[in-house]
Ligand SMILES: [Zn+2]
Ligand SMILES: [Zn+2]
């Protein structure tokens with residue numbers, strides 16, 4: 001299936017282009033509603049479409065892989081940088097486990113948004129592993145607290161070009177060669193796919209292998225733009241914080 005990926009990719013790019021013209025600039029949706037066609041996918045950043053991405057990858061014959069050994073033909077390496085919310089990470093992790101997918105979650109030790117050393121943080125680490133996922137370190141340069149909570153794999157948070165792809169002693173940097181290659185890498189940064197949503201190429205087996213970076217918060221909380229999604233996250237966070245205050249015997253009357 002993957003031997004002809006270059007040809008398939010060319011055809012798929014052409015199809016996307018042709019359909020894109022017909023849809024007058026509408027991004028990503030590459031299916032039409034003609035009889036017998038695949039159902040139209042919205043390419044929304046929500047859990048329904050994340051599940052569709054996973055199903056597309058399975059239909060395309062990909063297997064879920066980790067940052068171990070070198071990327072092989074047919075590998076789909078799912079990576080999640082958890083910048084803001086352990087709750088979002090766990091919700092995505094449960095969905096993945098339900099669909100038979102496994103990922104590597106990169107967690108921060110010094111986040112201002114969550115505390116990995118709190119009971120909630122410890123439960124999150126435990127649950128991610130129970131679900132069959134791996135846990136790497138999402139580090140802020142140059143601080144590397146690569147303790148026993150993490151596999152020996154690091155993803156820098158908002159890295160500068162100077163060290164982004166540099167090897168790390170005793171650990172794998174997910175952006176070093178051969179793990180990073182623009183042809184086999186997609187990221188959803190700030191709710192924007194720079195090279196388009198990969199679901200169609202996954203479904204047709206167009207990538208020889210893929211390193212797919214997604215941020216759980218973007219998919220779990222509703223919003224058509226990053227600002228809306230972040231505000232939705234904060235609204236949920238507020239409710240959670242009120243519950244925590246009540247649990248801590250704070251008088252909220
Ligand atoms: Zn899509
Ligand atoms: Zn990050």
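Observations on the model:
- Test for residue 69: is it at pLDDT below 95 and either within 14 Å of the chain's Cα centre (by Cα) or part of a loop (DSSP other than H, G, I, E, B) (or both): yes
- Which listed residue is closer than 20 Å to residue 48 by Cβ and at pLDDT 95 or above, from 233, 164, 175: 233
- Positions within the stretch 118-149 being within 15 Å of ligand 2 (Cβ to nearest atom) and touching a residue at least 60 places away in the same chain (Cβ under 8 Å), in sequence order: 136
- For first residues located in the stretch 64-85 and on the phi > 0 side of the Ramachandran plot and touching a residue at least 12 places away in the same chain (Cβ under 8 Å), partners that are in a loop (DSSP other than H, G, I, E, B) and more than 16 Å from ligand 2 (Cβ to nearest atom) and lie 6+ apart or on another chain with Cβ distances below 6 Å form the pairs 74/2; 74/62.
- Candidates 90, 144, filtered to the one that is away from ligand 1 (no atom under 16 Å from the Cβ) and over 21 Å from the mean Cα position of the chain (by Cα): 144
- Residue count, the stretch 119-158 (criterion: under 23 Å from residue 99 (Cα atoms) and in a loop (DSSP other than H, G, I, E, B)): 3
Okay, residues lined up against (1) surrounded by 19 or more Cβ atoms within 10 Å (Cβ to Cβ); (2) within 16 Å of ligand 1 (Cβ to nearest atom); (3) modelled with pLDDT under 95:
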{"site": "11", "(1), (2), (3)": "no, no, yes"}
{"site": "41", "(1), (2), (3)": "yes, yes, yes"}
{"site": "63", "(1), (2), (3)": "no, no, no"}
{"site": "80", "(1), (2), (3)": "yes, no, no"}
{"site": "83", "(1), (2), (3)": "yes, no, no"}
{"site": "96", "(1), (2), (3)": "yes, no, no"}
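The values are calculated or read from the model by the stated rules, or taken from the named source; none is laboratory data. The shown structure was predicted, so the numbers you read here are calculated from the model rather than taken from an experiment. No Cβ is skipped: glycine too gets one built from the backbone with ideal geometry, and neighbour counts run over all protein chains shown.
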